[in-house]
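Participant: Below is a structure I'd like to ask you about.
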Amino acid sequence: MKVQDRSGERFVQALEELVEREDRGALATLRRGLGKPPGTVVEIYPYVVPFLPADPDDRRAWVYFTVAPLFAFHPLNWPSNERRGWTNFGASVAQVAQRLGERSAGLEARFLRLLAAEREELPLQLYRMLTLFKPHRVPVSWVDLLRDLDQWDHPERFVQQRWARAFVEQRERREEGSLSERSDEASE
């Protein structure tokens, strides 16, 4: 089952509108879902249930109930003109690693734990990662995250591979950039 593009986009748009309207009460209500099993905090139902696809299964609803509190905690989304290409969660982790520089070893270990996480562990692992995104103001592509979480349990683990690939490619670009900067400085 795939999260439908339109329902996911409408859901993220509705969450973004809460931020634009500065609806702190709604965002606080959504944050009550942090640390709780997805779908168990009934106060967040009015913000999630209207956006579930017409015939949601428990798996699909789980994805929406997982993302809503996480978004409320860190409502920074990739600008729509930058959502093409490597905007998955792995690329966002790479941005944090770039900002941490030499101190990124702990982040990489945390990222590997996230990639190895079972579905039940994801909300907590994602929350822990977002605690590092927030101070560095690193965005998340929330629509992509909805889609990816829906496919997390696929036996081929293509979501985890895609995130890892985005992380590594971003890191390699960063390293190439610093090497070229050093060679430019040395030639001056």
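Participant: If you check every pair at least six apart or on different chains, which have Cβ atoms under 6 Å apart with a residue in the range 8-26 that is closer than 12 Å to F73 by Cα and at pLDDT 95 or above first and a residue that is part of a helix (DSSP H, G or I) and among the aromatic types (F, W, Y) second?
Facilitator: Going by the 6 Å Cβ cut-off, the qualifying pairs are L15/F71.
Participant: I would also like to ask the following. Only one residue in V93, V49 is buried (at least 16 other Cβ atoms within 10 Å of the Cβ), of a type in the set (A, V, I, L, M, F, W, C) and at pLDDT 90 or above, so which one is that? Walk me through it before giving the result.
Facilitator: On the way: V49 fails: buried (at least 16 other Cβ atoms within 10 Å of the Cβ).
On inspection, the qualifying residue turns out to be V93.
Participant: Return yes when T66 is touching a residue at least 60 places away in the same chain (Cβ under 8 Å) and under 25 Å from T131 (Cα atoms) and no when it is not.
Facilitator: Numbers: touching a residue at least 60 places away in the same chain (Cβ under 8 Å): yes; under 25 Å from T131 (Cα atoms): yes.
Spelling it out, T66 is indeed touching a residue at least 60 places away in the same chain (Cβ under 8 Å) and under 25 Å from T131 (Cα atoms).
Participant: I'd like to verify a number: residues in the range 3-44 that are assigned to a helix (DSSP H, G or I), closer than 17 Å to L149 by Cβ and among the hydrophobic types (A, V, I, L, M, F, W, C), how many?
Facilitator: Selection size over the range 3-44: 5.
Participant: Is there a residue being in contact with a strand residue (DSSP E or B) (Cβ under 8 Å, 6 or more places away or on another chain), more than 20 Å from D153 (Cβ to Cβ) and either of a type outside the set (K, R) or loosely packed, with under 14 Cβ neighbours inside 10 Å (or both) anywhere in the range 35-42? It would help to see each step written out before you state the result.
Facilitator: Taking the range 35-42 and keeping what is in contact with a strand residue (DSSP E or B) (Cβ under 8 Å, 6 or more places away or on another chain), we get none.
Checked against the condition, which is being in contact with a strand residue (DSSP E or B) (Cβ under 8 Å, 6 or more places away or on another chain), more than 20 Å from D153 (Cβ to Cβ) and either of a type outside the set (K, R) or loosely packed, with under 14 Cβ neighbours inside 10 Å (or both), the range 35-42 yields no hits at all.
Participant: All but one of (1) within 25 Å of R171 (Cβ to Cβ); (2) surrounded by fewer than 22 Cβ atoms within 10 Å (Cβ to Cβ) hold for W62, so report the exception by its number.
Facilitator: The single condition W62 does not satisfy is (1).
Participant: Just to check your reading of the model, which residue among R99, R110, R128 is surrounded by fewer than 19 Cβ atoms within 10 Å (Cβ to Cβ), under 19 Å from R162 (Cα atoms) and in contact (Cβ under 8 Å) with a residue 12 or more places away in the chain? Even if it seems obvious, please write down each step before you answer.
Facilitator: Details: R99 fails: under 19 Å from R162 (Cα atoms); R128 fails: under 19 Å from R162 (Cα atoms).
Just a single option satisfies the conditions, and that option is R110.
Participant: Determine whether T29 is surrounded by 14 or more Cβ atoms within 10 Å (Cβ to Cβ), at pLDDT 95 or above and either touching an Asp or Glu at 6+ places or on another chain (Cβ under 7 Å) or over 24 Å from S92 (Cα atoms) (or both).
Facilitator: Working: surrounded by 14 or more Cβ atoms within 10 Å (Cβ to Cβ): yes; at pLDDT 95 or above: yes; either touching an Asp or Glu at 6+ places or on another chain (Cβ under 7 Å) or over 24 Å from S92 (Cα atoms) (or both): yes.
In short, yes.
The values are calculated or read from the model by the stated rules, or taken from the named source; none is laboratory data. In this text, all values refer to a predicted model and were calculated from it rather than measured experimentally. Note that we place each Cβ from the backbone using ideal geometry, even for glycine, and neighbour counts take in every protein chain shown.
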